[in-house]
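A.B. asks: To start, I am sharing the structure in question, which I have written as structure tokens.
The values are calculated or read from the model by the stated rules, or taken from the named source; none is laboratory data. Predicted model, so just to flag it, every value in this text is computed and none were measured. Don't worry about glycine lacking a Cβ; one is built from the backbone with ideal geometry, like all the others, and counts go over all protein chains shown. Please note that ligands, DNA and RNA were not included when accessible areas were found on the heavy atoms of the full protein model with its side chains. Shrake-Rupley method; radii C 1.70, N 1.55, O 1.52, S 1.80 Å.
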Amino acid sequence: MRNMLKYEIIFLLFLITSLFSISGCSPKQQEAESQADTEPLLPFSLPVSFTGQIDCDTCEYVHVTLNLRSDGLYQLRKKYVYSSGETETESQMRLWRYDAGEQLIVLGKNPGSLKTYQVVDQETLRFLDKENTETKELSDYELYKQTTIDPFYDVVKIRGMYAAGSVHNVLRECSSGVTFRVDPSADFYAMDRQYRSIPHQKEEGLLVSFQGHLVSGNKANKSPEILVVDRFNRIYPDQDCSGYKTKKGLIGPTWVVTEIAGQSLQEMEHMQPPFFTLNADTNQVSGFAGCNRFHGTYLFKGEIFIFNKIASTRMACPKGTSVERAFFEALDSTESFEIQDDTLYLKNNRDESVLTLHARN
């Protein structure tokens with residue numbers, strides 16, 4: 001019996017070996033070939049810099065520099081040189097992709113603003129006006145591969161989801177999804193101060209826009225590039241990278257009470273459910289408490305979220321007074337919040353939910 005089992009094992013090993021011999025590949029080789037089939041190969045290694053010079057109707061010439069990075073971002077600089085010796089520079093950093101079928105480098109992702117380059121060979125890119133922009137200045141020119149990488153410290157427009165973390169401040173660039181650490185310098189403090197003043201959940205990213213540039217990290221520690229905020233523009237607390245309105249943020253929706261201290265409003269005396277909205281510019285809260293209208297201020301700092309200076313009208317109501325009293329007590333005990341989908345939970349210092357509200361735009 002043992003001999004039979006031994007021969008069966010030997011036969012199975014022989015069969016497996018034969019199959020690999022027929023295919024001519026080991027499992028690792030097959031995996032590598034499979035990846036090679038799915039990943040388009042460029043005729044040059046990344047990162048890489050291309051440069052060229054093109055004619056200009058309004059200046060002497062335009063010097064173009066194009067960096068293609070391995071993280072999916074491109075960096076493009078157009079330097080206009082005038083006969084007076086003056087120069088003017090336009091720079092940008094966005095997403096790029098490679099069309100292996102047509103051997104095209106495509107800069108950008110939105111129709112109407114794409115720039116396309118034909119890969120002529122491993123040393124040359126030729127600009128193609130695929131969208132018929134009729135810009136003579138940018139038609140029919142070539143860029144040539146450089147032996148070194150342009151460091152590209154140019155200031156460019158940047159949009160991304162910024163988040164202040166417990167260790168590092170980071171930004172996820174919108175077009176590519178690449179995440180960078182943000183340097184606490186220059187106009188960073190204006191952006192971070194506004195970010196921290198807008199109610200949000202811990203380490204939640206908010207959409208920001210600014211002018212900034214990349215600087216090299218510490219090569220000795222192999223640290224990545226760092227993003228510098230040169231000129232902060234604004235924060236969009238209720239939008240994501242696509243520009244769509246979101247209900248995740250505390251600012252924007254009208255929040256309507258559904259439960260107070262775990263008790264449904266249907267079980268309580270009321271005429272109309274309490275609600276409130278928050279104003280990010282003035283840090284004010286206003287709404288309806290169940291009987292009277294009210295207003296006040298709110299404070300958001302770190303993980304603390306509190307209401308203060310609440311004042312209301314003094315109308316006498318046949319119903320809703322018990323709801324209003326419980327509502328104000330809940331606001332007074334609020335110290336933090338949590339949002340799940342379209343539901344807001346205001347919590348006390350024991351992390352217990354004192355108010356449950358639903359978003360209504």
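A.B. asks: Scan the stretch 195-205 and give yes if some residue there is buried (at least 18 other Cβ atoms within 10 Å of the Cβ) and either in a strand (DSSP E or B) or touching a helix residue (DSSP H, G or I) at 6+ places or on another chain (Cβ under 9 Å) (or both), otherwise no.
C.D. replies: No, the stretch 195-205 contains no residue that is buried (at least 18 other Cβ atoms within 10 Å of the Cβ) and either in a strand (DSSP E or B) or touching a helix residue (DSSP H, G or I) at 6+ places or on another chain (Cβ under 9 Å) (or both).
A.B. asks: Continuing with this model, one more query. Considering every residue within the stretch 207-223, establish whether at least one is closer than 30 Å to Thr343 by Cα and either open to solvent by 40 Å² or more (accessible area, probe 1.4 Å) or out of contact with any strand residue (DSSP E or B) (no Cβ under 7 Å at 6 or more places or on another chain) (or both).
C.D. replies: Checking the stretch 207-223: not a single residue is closer than 30 Å to Thr343 by Cα and either open to solvent by 40 Å² or more (accessible area, probe 1.4 Å) or out of contact with any strand residue (DSSP E or B) (no Cβ under 7 Å at 6 or more places or on another chain) (or both).
A.B. asks: Open to solvent by 60 Å² or more (accessible area, probe 1.4 Å), charged (D, E, K, R) and at pLDDT 90 or above: which single residue out of Arg325, Arg314 fits that description? Before you say what the answer is, go through the steps one by one.
C.D. replies: On the way: Arg314 fails: at pLDDT 90 or above.
From the options Arg325, Arg314, the qualifying one is Arg325.
A.B. asks: Output the residue which, of all residues in the stretch 73-99 that are open to solvent by 60 Å² or more (accessible area, probe 1.4 Å) and among the charged types (D, E, K, R), is farthest from Thr179 (Cα to Cα).
C.D. replies: Applying the filter and picking the extreme gives Glu86.
A.B. asks: The conditions are (1) open to solvent by 80 Å² or more (accessible area, probe 1.4 Å); (2) touching a residue at least 24 places away in the same chain (Cβ under 8 Å); (3) more than 21 Å from Tyr144 (Cβ to Cβ), and Ser70 fails exactly one of them. Which is it?
C.D. replies: Condition not satisfied by Ser70: (3).
A.B. asks: Moving to a separate point now. Report the residue count in the stretch 137-166 for those that are more than 31 Å from the chain's Cα centre (by Cα) and of a type in the set (Asp, Glu).
C.D. replies: Number satisfying all stated conditions: 3.
A.B. asks: Mind checking which pairs have a first residue in the stretch 159-183 that is free of Cβ contacts under 8 Å to residues at least 24 places away in the same chain and a second that is outside any strand (DSSP E or B) and open to solvent by less than 40 Å² (accessible area, probe 1.4 Å), Cβ under 7 Å, 6 or more apart or different chains?
C.D. replies: Asn169/Asp192
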